[in-house]
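Okay, so here's the structure we're looking at.
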Amino acid sequence: MSNSPLPDDTIAAIATAAGRGAVAVVRVSGPQAREVLRRVAPAAADAAPRVQRLAAIRHPETGELLDRALVTLFPAPGSYTGEDTGEISTHGGALTPQLVLGALLAAGARPALPGEFTRRAYLNGKLDLLQAEAVADLIDGRSPALHRAAVHQMERGLSRRIDELRGAIIQAESLIAYSIDFPEEDEPPVPPARIRAAAEAVMGRMDALLATAPEGELLREGALTVLAGRPNSGKSSLFNALLGTERAIVTEIPGTTRDALEASVTVDGYPFRLVDTAGLRDTEDRVEGMGIEVARRYLSAADLVLFCIEAGREPGDDERVFLADRAPNHTLVVRTKADLAATGGADVDGEAEEAGVMRSVAVAAVAGSGMPALRDALLRMAFGRILGEPGEAPLVTRERHARALRHARGEVATFVDALDSTVPMELAATHLRAAAGELEDLIGAVSVDDVLDRVFGDFCVGK
Ligand SMILES: Nc1nc2c(ncn2[C@@H]2O[C@H](COP(=O)(O)OP(=O)(O)OP(=O)(O)O)[C@@H](O)[C@H]2O)c(=O)[nH]1
Ligand SMILES: [Mg+2]
């Protein structure tokens with residue numbers, strides 16, 4: 001819960017996306033929600049809770065009929081926000097929802113800020129901060145993997161895990177309190193080895209959760225996967241094959257791709273941002289040179305690089321130098337045009353390894369052979385540690401979570417170090433208190449306004 005006071009004004013917004021559609025939902029929430037509704041849809045203001053009532057919607061000042069719509073009242077605290085809330089399901093489209101919203105504003109509501117309904121839900125204890133973030137991911141997520149993780153998080157999967165960690169820290173704290181408070185008791189104080197073991201167990205569980213962070217965070221934006229290689233090495237053909245559409249221009253002329261082309265694709269439900277780039281070579285051509293510069297910029301930001309070399313061709317010095325500089329677990333050599341190579345795919349693989357380059361996969365983009373193995377390699381390299389995890393195990397999907405966990409772990413580690421030193425137990429224990437505090441902030445047990453602004457600022461209006 002936040003320490004901010006509960007809001008005393010009433011907000012309204014259109015909750016559905018703009019555009020042509022059968023139905024749109026306009027929401028109003030706050031202490032005056034019922035009064036606002038009474039002025040706009042008198043027939044619905046005293047309807048039974050959570051029962052839809054068909055009502056005429058009128059402008060409170062002109063009396064103009066704006067729509068005939070289904071109105072539902074959710075009295076506090078049994079609503080999404082925990083406040084008195086009304087939902088009007090109007091006809092959709094560009095105008096009707098706007099006019100109905102205008103009527104609610106004229107009747108005394110004010111326009112909601114982005115995320116303000118969910119912020120109020122949080123302030124009223126309907127959701128914790130991790131659940132509120134999951135709501136944002138459910139709305140914004142574009143990959144099934146993020147959707148699964150968000151549903152799990154909304155069901156308090158991550159919150160429960162953080163609660164458990166916090167509970168274990170408090171347990172360790174209480175062991176110390178016992179040693180401090182009852183030093184004269186007949187029973188011996190809790191042995192330090194037991195306290196240390198408890199703290200180390202918590203650190204181990206924090207590490208396991210933190211290990212999901214780099215890949216969990218990629219679920220939101222997608223793994224930036226850059227196709228690179230010499231001109232004509234088959235990058236654009238591979239890009240098209242992965243997308244399943246002829247998005248990039250392909251010709252036999254080296255230097256066809258000039259600018260970087262970006263597209264989103266999911267592989268087995270996991271999100272990737274694929275980037276096709278200009279072939280890397282020394283060039284006098286100014287435009288091509290600029291394209292190569294863009295390619296290098298993408299390469300430096302890439303999560304994964306697919307380095308294309310035609311199958312059956314010995315890698316050149318330029319290619320060896322490129323590969324020598326790349327991290328092996330973020331680079332995959334793709335031996336392209338495998339159908340043209342004299343040797344079969346398996347031999348090509350062997351050849352690449354003999355040449356001392358990295359893990360490789362042979363593909364024929366046009367014919368499609370090797371594509372399943374390539375997709376599999378992509379998945380393992382980008383998301384290997386969390387494959388199959390969402391749904392069963394909590395994932396760390398935001399920098400905010402990772403930072404809090406790292407800080408909390410750091411405090412527990414400092415506590416363990418202090419056990420070896422002459423630091424008095426009472427002082428050492430303050431680090432456990434700090435660790436528990438980090439986890440409380442993460443879950444939103446107590447939050448300051450700027451944390452809330454950051455969490456809710458990215459929401460859409462109406463949620
Ligand atoms: N037979 C065969 N030809 C391919 C395959 N992949 C690409 N090619 C051909 O190789 C040539 C170059 O392909 P691109 O995909 O344009 O190569 P690129 O690496 O994007 O080239 P630049 O944009 O110039 O850097 C084209 O003539 C493609 O048809 C393949 O799997 N099999
Ligand atoms: Mg190209």
Estimated [θ] at 222 nm from DSSP helical runs (n ≥ 4, -39500 (n - 2.57)) normalised by residues in the chain, nearest 500 = -14000 deg cm²/dmol
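What is the fewest-to-most order of 309, 253 by other Cβ atoms lying within 10 Å of their Cβ?
Least crowded to most crowded, the residues run 253, 309.
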Under 5 Å between amide H atoms, partner at least 5 residues away or on a different chain: which partners does residue 255 have, H built in plane at 1.01 Å?
-> 232, 279
What number comes out for the charge environment of residue 89, summing +1 per Lys or Arg and -1 per Asp or Glu over other residues with Cβ under 13 Å away?
-> +1
May I ask you to sort 460, 308 by Cβ crowding, counting other Cβ atoms within 10 Å and putting the fewest first?
-> 460, 308
Tell me which lysines have Cα within less than 24 Å of residue 463's Cα, excluding those fewer than 8 residues away on the same chain?
-> 126
Sort 251, 266, 96, 331 so the one with the fewest other Cβ atoms within 10 Å of its own Cβ comes first.
-> 251, 266, 96, 331
Quick one: putting +1 on the C-beta of Lys and Arg, -1 on the C-beta of Asp and Glu, what dipole do you get for the chain around its Cα centre, in Debye to the nearest 20?
-> 1780
Multiply the residue separation of residue 23 and residue 94 by 0.36 nm, subtract the distance between their alpha-carbon atoms, and state the gained length in nm to one decimal.
-> 24.4 nm
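With viscosity set to 0.890 mPa s and temperature to 25 °C, compute the Stokes-Einstein D of the chain, Rh being the Kirkwood radius across alpha carbon pairs; µm²/s, no decimals. Don't skip to the answer; put the middle values down first.
Working: Rh = 26.4 Å.
For these conditions, the coefficient is 93 µm²/s.
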For the pair residue 246 and residue 296, how long in nm is the line joining their label points, each one 7 Å along Cα→Cβ?
-> 3.4
Of 16, 373, 291, which is farthest along the charge dipole of the chain in the positive direction, counting Lys and Arg as +1 and Asp and Glu as -1 at C-beta?
-> 16
Cβ-placed point charges (K, R +1; D, E -1), dipole of region 128-243 about Cα centre in debye, nearest 20 | 1100
Report the local net charge at residue 430: Lys and Arg +1, Asp and Glu -1, summed over other residues whose C-beta lies under 11 Å from its C-beta.
-> -2
Under 28 Å from the Cα of residue 235, which lysines turn up, not counting those fewer than eight places away in the same chain?
-> 337
What relative contact order, as a whole-number percentage, does region 40-174 give when Cα pairs under 8 Å and 6 or more residues apart are counted?
-> 16
Excluding residue 273 itself, calculate the net charge of residues whose Cβ lies under 13 Å from the Cβ of residue 273, where each Lys or Arg counts +1 and each Asp or Glu counts -1.
-> -2
Of the listed peptides 311-318, 27-34, what is their order by residue-averaged count of other C-beta atoms within 10 Å, with the highest listed first?
-> 27-34, 311-318
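Every number in this text was worked out from the coordinates using simple rules, so none of it is lab data. Every value quoted in this text rests on a predicted model; they were computed, and no experiment measured them. All Cβ positions, even for glycine, are placed from backbone atoms using ideal geometry, and neighbour counts span all protein chains on display.
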